Every structure is written in C-alpha cells, then in structure tokens.
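This report concerns only the one structure given below.
The values are calculated or read from the model by the stated rules, or taken from the named source; none is laboratory data. These numbers were taken from a predicted model, which means no experiment stands behind them. Note that each Cβ is placed from the backbone with ideal geometry, even for glycine, and that neighbours are counted across all protein chains shown.
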Amino acid sequence: MLRATLKSLLARKLRLILSGLAVLLGVMFVSGSFVLTDSLGRSFDNMFANSLSGTDVIVTADPAINVSEMEGEPVPGMLTSADLAAVRETTGVAQAIGDVQADGARVIGANGKVVATFGPPRFGGNWTGEVGGRELREGVAPSAANEIVVNAALAKKAGIKVGDQVGVLTTQPKQTFKLVGIFGYEGRLDSRGPVTEVLFTEPVAQKLMLGKEGKFTSISVTTAGGSDPVAVRDALKTKLGKGYVVQTGSEAAAAIASGFKEALDVFNKILLGFAGVALFVGIFLILNTFSIIVAQRTKELALSRALGASRGQMIGSVLVEAVVIGLIASVLGLAAGYGVGALLSQLFASFSEVQLAGVGLPLAAVISAFAVGLIVTIIAAIMPAIRASRVPPVAALQEVATPDRPLTKLTVSGAIITAIGSGLIAFGIAENVWLMFAGVLTAFIGVALLSAFLARPAVSVLGRVFSWSVPGKLGRLNSGRNPRRTAITAAALMVGIALVTGVNTIVTSAEKSLRGSVAEEFHAELIVSGQGSPGLQPTFDGTLLPRMKQVPGVTAVSAEYGDQAMIDGKPGWVSVNTDFPAAVKMFSLSPVAGSLAQPGPDEVIVDDDSGHHLSDVISVQHANGLQKTYTVTGVYKQGEIYGGMVFGSGAIEGMRQQLPSMAFVDLSDNANEAAARKSLEALLVDSPEMLVQNADEYLDAQSAETAQFLLMIQVLLGLAILIAVLGVVNTLALSVLERTRELGLLRAIGLGRMATMRMITVEAMVITVFGAALGLAVGVGLGTAVVRGLADEGLKEVVLPWEQMGIYLVLGAVVGVIAAILPAIRAARTNVLAAISYE
C-alpha cells in the first residue's frame with residue numbers, strides 16, 4: 001500500500017508542486033523571521049561588546065522613572081560629581097570617566113531642516129576621547145563651549161563639514177556651534193548602528209542634555225593592572241550602596257543588547273503573526289487540493305478497497321501523501337527562509353551601519369520549519385483522508401464518482417462556529433485581546449464553512465455579468481457546479497481581504513470620529529506642533545509666547561509643556577498649560593467642581609475620569625528627580641479630545657525639557673488666518689521642527705502615519721493573497737485535469753481554443769470576486785464589531801472605506817485573470833481525441 005501511494009504521488013508531480021507551494025511560502029516566512037532576528041541579535045551583541053571593550057566596570061543610577069515599553073520610555077537616573085569622586089577613590093580603579101549621553105540632540109542640516117531618523121536615537125553627549133573603538137577621522141576634539149564633533153553618518157546626512165557653523169536643538173532652544181571634528185568607529189563604520197551623535201565639551205553636554213552641570217548618565221571604569229573587574233565591581237557596589245547599578249563591561253553590554261533583542265522579539269512575533277495568517281490560508285489550499293485528489297481517484301481508491309485495502313490503510317495512504325508533501329515543502333521552505341533572512345539581514349546592515357555578525361541557521365528556525373510544515377499539511381489532509389476511507393468498493397463500477405452531497409451539516413456547523421467566534425470577539429474587545437484574536441480565527445473558520453451555502457447563489461449572480469457569451473455561461477455554470485470547492489478556494493482569498501478591510505474600517509471610523517469630535521469641540525484656528533520624532537519632543541522657545549500674542553488677529557495663545565512622571569506611584573504624564581482659561585474655551589470644557597481658573601504653581605486641575613476629587617493632594621516624582629505635591633483645585637468633564645491633569649507652572653522645573661511643545665492659537669472673527677500663520681512661522685524660524693497648521697492639516701498629518709501602517713499591513717498580508725492566488729491556480733489546474741473528457745467533448749462540438757480560455761478565465765474571476773466580496777463582508781463585520789465595542793473610547797460611528805473596498809473588489813477580478821492564465825492555456829491545448837478517450 002505504501003509503494004502504491006508513493007508511486008501515485010510521483011506520477012502526479014504537478015499536483016505535488018502546487019500542493020506544497022503554499023506550505024513552502026508559509027514555512028519560508030516563519031524560518032526567515034527566525035534567521036533574521038537571530039542574525040541581528042548576534043550583531044547587536046557584538047556591537048555593544050565592542051563599544052564597551054575598553055570598559056572594565058560601568059556605573060549607572062537606578063532609573064528616575066522605570067516603566068515598561070508599553071507605558072512609555074524609562075527615564076535614566078543621574079549621577080553626580082560626588083559619585084565620580086567616590087568611584088575614583090575606590091581600590092582597584094585606575095581611571096573613571098563621567099559619561100553624558102541622552103536622546104534628543106537634533107542637528108539642523110545644510111538645507112535648514114532637522115536631520116530626522118525613523119526610530120533610532122539622536123544622541124547628545126560629551127567627548128571622552130577615542131575610546132570604545134571610536135576614531136577621530138577629521139579635525140580635532142571639542143575644547144571650547146561653542147565646539148562640537150559629530151559622527152560621520154550624521155555629517156553625511158546633514159551635509160556638513162569641519163569648519164561649518166551648525167545649529168543644534170536640545171533641551172534648550174537652538175544654539176549654533178562650530179563643527180571642529182568628525183569621528184567614526186573601527187571597521188570603517190560611520191556610526192554604531194543607525195544612530196546620530198553630537199558630542200560637546202562636558203559642561204555644555206551636561207547643561208544642554210541633562211539640564212544641569214555636574215551630572216552624568218554613567219561612569220566608565222578602567223581597573224588597575226592585575227585587578228579583577230568582578231572584585232572592583234563588588235567593591236563599588238559596597239561603597240556606593242543602594243540606588244546604583246554596577247556591572248562589568250561584559251554584563252553591561254549583554255544588558256543593553258538584551259533590550260534591543262526584546263524589540264527584535266516583538267518584531268519577530270509580528271512577522272510570525274503574518275506567517276500564521278499565510279499558513280492559515282495555506283490550509284484552505286491544501287484541503288481543497290486533497291479533496292479534489294480524492295474525488296479524482298474515487299475509482300482508484302474503490303479498486304483498492306475491492307482488493308482488500310482497509311479504511312485505515314486508505315486514511316494512511318492520504319496522510320502519507322500529506323507527510324511527503326509537508327517534508328519536501330519544509331526542507332525547501334527552510335532553505336528559502338534562510339535565503340530571505342540572509343538577504344534581509346544584509347539589507348539591514350547596509351542601511352543601518354551595523355556590522356553583521358554572520359548569518360546562521362538557528363535551531364528555532366529548523367524546528368519551526370518542520371513542525372509548521374508537517375502539522376499544517378496533516379491538519380489540512382485529515383478530512384479528505386477520512387472521506388477517502390468512506391469510498392465504497394462498488395464505486396469502482398460507477399461512471400460518476402463524485403456525487404453532490406447535501407450542505408445541511410456544513411451550513412449548521414458554520415452558523416454555530418460563526419456565532420461562537422462573534423461572541424468571543426465581543427467579549428474579547430472588553431476583556432482580553434487574545435480572546436478577540438481567537439474569536440477572529442473562529443469566525444473565519446465559521447464563515448469558510450458557511451461559504452459553501454452562499455457559493456451557489458452568489459456565483460450565479462456574479463456570473464451573470466459574463467453570461468452574454470457561451471464561454472461566459474459555461475464558466476459561470478462550472479464555478480457553481482461544486483459549491484464546496486468554490487467556497488474553499490474563495491475562502492483563502494477571503495481571509496487576507498477581510499483582515500485588511502477590518503483594519504481599514506477601524507482606522508477610517510476612528511479618524512472620522514476624531515474629526516467629528518474636533519469639529520464639535522475644538523474652537524481654535526491654528527495649532528503649533530512639532531513633527532513626530534523619537535526621543536525628546538520637538539519644542540520651541542517659551543520666550544516667544546508674548547510675541548505670539550502680539551501677532552495681529554491673535555486673541556489667545558495656550559501653550560503646553562509636558563513630560564513623563566510618576567504620579568502617586570504610577571507612570572503618568574505631567575502637562576502644564578500657560579493659559580488654561582483660554583484652553584477651556586478652545587476645547588469646550590465644562591466645570592464639575594472647583595474652579596477652572598489658571599492653577600497656581602503647586603495646584604492641579606483634573607478631569608472627572610482621573611479618580612481624584614477636589615482638595616486631594618497628588619504626589620509627583622518628576623523626570624529630573626524633583627519630588628513635589630500638588631493640590632486639586634478644579635475638576636472638569638473629560639472631553640472627547642481633551643483630558644488629563646493640568647498642573648501649575650511649578651511642575652515645569654521638574655521636566656527634562658523646560659520648553660513648550662505645543663500651542664493652540666485663537667484668532668478674532670475678522671482676523672486674516674494666512675497673515676497670522678505667516679507671522680507665527682516667522683517667529684519660529686529657529687525651530688524648524690515646529691509647524692503652524694489648522695485643525696484639518698494637523699489631522700491630515702496624523703492620518704499620514706496611519707496610512708503608512710495600513711500600507712505595511714497590506715504588504716505583509718500580500719503573502720496570504722499570493723497563496724490564495726496559488727489556490728485558485730491549483731484548483732483550476734486540477735479541475736482541468738478532472739474535466740479532461742468534458743473539455744474534449746466541448747472542443748469536439750466546436751468550442752475554440754480562445755473560447756476555452758475565456759471559459760476558464762470567467763470561472764476563475766467568478767471565484768475570486770466571490771472571495772473578495774466575502775472578504776469585504778467579513779472585514780466590514782469584524783471592523784464594525786470592534787468599532788462598536790470601542791464606543792466608550794470615542795469611536796462614535798462606523799465609517800466604511802468605500803474607495804479601498806472598491807479597489808479590493810477590482811483586485812479580486814484581476815487576481816482571477818492572473819490565476820487563470822496557466823490553467824486556461826493547459827485547457828486550450830487539450831488534445832480533442834485523447835481527451836474524448838480519457839477516463
């Protein structure tokens with residue numbers, strides 16, 4: 001029986017290739033993700049080990065604000081000159097250097113614009129010499145307060161050279177420095193990773209990056225000859241006591257690298273999530289393939305039963321085929337994944353100045369490749385295997401081997417599973433995001449089962465568009481003759497389009513709800529804000545506020561300062577508003593208790609959702625270490641677009657950036673908005689990150705980031721759609737083989753080659769348009785459920801992305817045309833005489 005199964009499999013090589021291709025692509029995605037993250041992880045290990053190679057021990061302070069990545073950015077603690085002196089006095093310490101390094105040093109390039117990065121930090125710090133592989137390539141080290149050096153990567157991006165006057169933004173307004181040197185790193189690297197670095201003299205770095213002289217972010221220690229770094233580390237721990245983190249250089253390098261690896265792990269999980277979607281779609285393809293194979297081999301299987309094969313042997317026969325296909329797909333997918341991972345690693349290294357540690361094949365990639373490839377294939381083959389075991393021996397004597405079966409059980413099962421999935425989604429939105437994801441998966445399975453019931457009427461309606469010709473009528477009838485097969489083929493395309501449509505519906509609804517809230521509640525004409533960037537927020541000089549108020553037509557300017565803090569022991573955000581009564585009018589805020597007058601230096605106004613009440617005392621640990629208490633003097637009703645705590649001016653001294661990051665400008669009824677904007681932009685000439693926009697422009701800028709997110713989703717789900725296309729190709733190719741005699745008869749009675757190709761193309765288009773329409777319906781349903789579930793979060797109405805939905809529907813038709821090309825050509829080349837005699 002085993003030999004017969006293997007011979008049958010090898011006799012149909014095309015079927016083998018098409019069946020395994022979906023699994024191969026999914027395995028490629030999975031294994032490639034592990035190869036990429038493993039390669040980058042080891043590269044980061046090497047990079048930080050090299051950067052701290054000359055450091056035996058490193059001392060840092062406990063974080064001032066220690067929060068998770070989900071809660072915000074951790075705020076490092078500060079060391080003092082006294083700490084540096086204590087370290088230098090410790091036995092075994094040969095040299096101790098105070099280091100200053102903080103994110104937020106933004107260089108204004110030769111084009112007058114701030115050099116931007118898309119995530120990597122823009123460090124500012126002090127020059128401590130050619131240490132840690134750092135090499136001064138041009139010029140000299142900074143020695144005066146007005147001198148800086150930058151890394152070579154930043155010099156290239158900014159278009160600046162030694163001797164230039166360079167504008168730099170930090171925690172202070174723009175200052176101009178003379179560029180006296182450019183440095184790089186050993187190995188001819190222009191930077192350590194894709195970061196930019198601006199290095200000042202020590203006092204200037206402390207003042208501009210940390211807000212106060214005499215502060216450091218770390219102390220690098222070189223031990224005396226013969227001293228054990230571990231012993232020196234322990235001695236420093238004992239001497240410094242609590243509140244400090246003391247590590248050897250290798251420990252510190254590993255700790256820093258682990259932070260980057262956590263980010264890589266999140267990235268890997270995202271990639272694996274999309275790989276999961278691709279494999280889920282692949283299950284539909286394999287299920288359909290094996291179902292068709294079983295249908296085609298009904299007579300062959302019946303003869304095997306008549307010769308004495310048991311039901312168990314029949315199931316084993318189909319599962320052996322699945323295992324062979326899974327193994328071959330896993331091996332090829334692993335090889336392809338290694339290649340893709342290596343290519344992406346090289347691309348990342350070339351764009352980010354990371355010295356690649358070499359591309360390896362981690363054990364996780366190998367295990368996941370074979371586990372995923374085999375499990376997915378076997379799961380998809382189980383139902384067809386059971387169906388094969390039920391073929392009676394008498395079927396060998398029948399001419400028609402694939403009788404149509406009732407859809408009652410399938411439909412009822414689909415309805416129940418869809419209902420369960422919908423319930424899990426509804427419950428998960430409020431309680432647990434993983435339950436929601438489980439609900440989405442369950443709902444997809446339920447809809448896939450229901451689609452067989454929907455296929456025949458839907459295909460009949462869609463196919464009438466093409467029924468003006470005989471090939472069109474034949475294609476419509478062919479696509480509806482086997483609703484199960486049509487449904488499974490369409491379901492593969494449905495998943496990808498449903499996910500994109502669902503996300504698009506949520507995003508479009510959120511954007512529309514926000515715009516509606518802004519139009520209803522926001523009554524200022526202009527917004528001064530910075531372009532988004534990592535690290536410190538874009539800011540402008542607070543001394544400009546009085547001059548802004550003097551601009552003709554301006555009636556009020558309400559500026560905001562903000563920073564992270566620990567509020568009553570929990571991570572939070574401290575905001576200071578320079579004219580809160582004006583903000584009350586601009587944002588249509590209404591009082592609940594107390595006064596909404598400008599809070600005093602030690603006062604705070606809260607919204608009614610904060611959990612605080614009038615006269616409560618709130619304890620705040622600010623980002624720069626300042627501890628203060630504030631008394632609640634007013635409570636306002638939280639608006640759709642405005643909420644939180646508004647502190648008095650005393651909170652500004654606890655912020656790392658003591659500059660405003662936003663301003664809302666109210667104009668008089670007869671003011672010239674264009675003239676006012678021009679005047680404000682002229683005042684902000686030294687703050688090139690700041691933009692002056694009206695509300696619509698501001699929201700457009702925010703939605704542009706959302707558009708990039710949607711594009712990324714569409715690109716990553718493109719693999720699922722590609723597998724769906726393969727599914728249509730596979731189904732049609734096997735269907736052409738199955739209908740060889742039928743095609744021969746059609747050709748014999750006069751159906752030409754081009755007409756045959758049109759017939760197959762119509763069949764493909766009807767199936768894919770049905771899948772796209774089903775995906776749109778499911779996506780809209782999922783998106784609507786999430787929007788309704790988030791009504792309390794401000795999502796007021798469901799808005800459908802009609803334009804994108806139209807594009808997806810057209811995409812469905814295009815996919816059908818593409819998928820039909822090879823099967824249509826094969827059908828057109830059918831030899832009439834050979835086909836008529838085909839069994």
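Side notes on the structure shown:
- When the residues of the stretch 225-239 are filtered to those that are loosely packed, with under 14 Cβ neighbours inside 10 Å and not in a helix (DSSP H, G or I), the one that is modelled with the lowest pLDDT is GLY226.
- When we screen LYS212, LYS242, LYS261 for residues that are in contact with a helix residue (DSSP H, G or I) (Cβ under 9 Å, 6 or more places away or on another chain) and part of a loop (DSSP other than H, G, I, E, B), the only hit is LYS212.
- Every residue from the stretch 430-439 that is of a type outside the set (Gly, Ala, Ser) and buried (at least 20 other Cβ atoms within 10 Å of the Cβ): MET436
- For the stretch 338-351, the criterion of a residue being over 16 Å from THR37 (Cα atoms) and touching a Leu at 6+ places or on another chain (Cβ under 8 Å) is satisfied by no position.
A quick yes/no check of all residues on (1) crowded, with 21+ Cβ neighbours inside 10 Å; (2) at pLDDT below 85; (3) in contact with a His (Cβ under 9 Å, 6 or more places away or on another chain):
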position: THR489; (1), (2), (3): yes, yes, no
position: GLY496; (1), (2), (3): yes, yes, no
position: THR501; (1), (2), (3): yes, no, no
position: THR505; (1), (2), (3): yes, no, no
position: LYS512; (1), (2), (3): no, no, no
position: GLU525; (1), (2), (3): no, no, no
position: GLY530; (1), (2), (3): no, no, no
position: PRO534; (1), (2), (3): no, yes, no
position: PRO538; (1), (2), (3): yes, no, no
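- Filter pass, SER345 being touching a helix residue (DSSP H, G or I) at 6+ places or on another chain (Cβ under 6 Å) and within 25 Å of ARG192 (Cα to Cα): yes
- Across the stretch 112-135, the number of residues qualifying as out of contact with any helix residue (DSSP H, G or I) (no Cβ under 7 Å at 6 or more places or on another chain) and either part of a loop (DSSP other than H, G, I, E, B) or free of Cβ contacts under 8 Å to residues at least 24 places away in the same chain (or both) comes to 13.
- Residue list for the stretch 778-799, filter: among the hydrophobic types (A, V, I, L, M, F, W, C) and surrounded by 16 or more Cβ atoms within 10 Å (Cβ to Cβ): VAL778, VAL780, LEU782, ALA785, VAL786, VAL787, LEU790, LEU795, VAL798, VAL799
- Options LEU751, LEU722: the member that is among the aliphatic types (A, V, I, L, M), modelled with pLDDT of 75 or more and outside any helix (DSSP H, G or I): LEU751
- Just one of the listed residues (SER588, SER558) is of a type in the set (S, T, N, Q) and crowded, with 20+ Cβ neighbours inside 10 Å, and it is SER558.
- Here the condition is being closer than 14 Å to ASP38 by Cα, at pLDDT 85 or above and not in a helix (DSSP H, G or I); of LEU361, LEU356, it holds for LEU361 alone.
- Residue in the stretch 552-562 that is more than 28 Å from VAL67 (Cα to Cα), part of a strand (DSSP E or B) and either under 35 Å from the mean Cα position of the chain (by Cα) or not assigned by TED's automatic domain parsing to the domain that holds VAL685 (or both) present: yes
- Qualifying positions in the stretch 773-789 - over 16 Å from VAL465 (Cα atoms), among the aliphatic types (A, V, I, L, M) and in contact with a helix residue (DSSP H, G or I) (Cβ under 7 Å, 6 or more places away or on another chain): LEU774, LEU776, VAL778, VAL780, LEU782, ALA785, VAL786, VAL787
- Checked against the criterion of being in contact with a Lys or Arg (Cβ under 6 Å, 6 or more places away or on another chain), aliphatic (A, V, I, L, M) and not in a helix (DSSP H, G or I), the candidates VAL692, VAL685 yield just one match: VAL692.
- Looking only at residues of the stretch 625-638 that are touching a helix residue (DSSP H, G or I) at 6+ places or on another chain (Cβ under 9 Å) and surrounded by fewer than 20 Cβ atoms within 10 Å (Cβ to Cβ), we find that the one that is farthest from THR217 (Cα to Cα) is LYS628.
- Test for ARG192: is it under 26 Å from GLY109 (Cα atoms) and surrounded by fewer than 17 Cβ atoms within 10 Å (Cβ to Cβ): no
- Residues located in the stretch 196-224, provided they are among the hydrophobic types (A, V, I, L, M, F, W, C) and surrounded by fewer than 18 Cβ atoms within 10 Å (Cβ to Cβ): ALA224
- Flag for LEU136 being surrounded by fewer than 20 Cβ atoms within 10 Å (Cβ to Cβ) and over 19 Å from PRO203 (Cα atoms): yes
- Inspection of the stretch 161-172 finds no residue satisfying the criterion of being under 27 Å from PHE540 (Cβ atoms), touching a Gly at 6+ places or on another chain (Cβ under 7 Å) and either assigned to a strand (DSSP E or B) or free of Cβ contacts under 8 Å to residues at least 12 places away in the same chain (or both).
- Of all residues in the stretch 158-181 being under 35 Å from the mean Cα position of the chain (by Cα) and either acidic (Asp, Glu) or over 19 Å from ASP103 (Cα atoms) (or both), the one that is surrounded by the fewest Cβ atoms within 10 Å (Cβ to Cβ): GLY159
- Each residue in the stretch 72-111 was checked for being part of a strand (DSSP E or B) and hydroxyl-bearing (Ser, Thr, Tyr), and 1 of them qualify.
- Within the stretch 332-364, considering residues that are among the hydroxyl-bearing types (Ser, Thr, Tyr) and touching a residue at least 12 places away in the same chain (Cβ under 8 Å), the one surrounded by the most Cβ atoms within 10 Å (Cβ to Cβ): SER345
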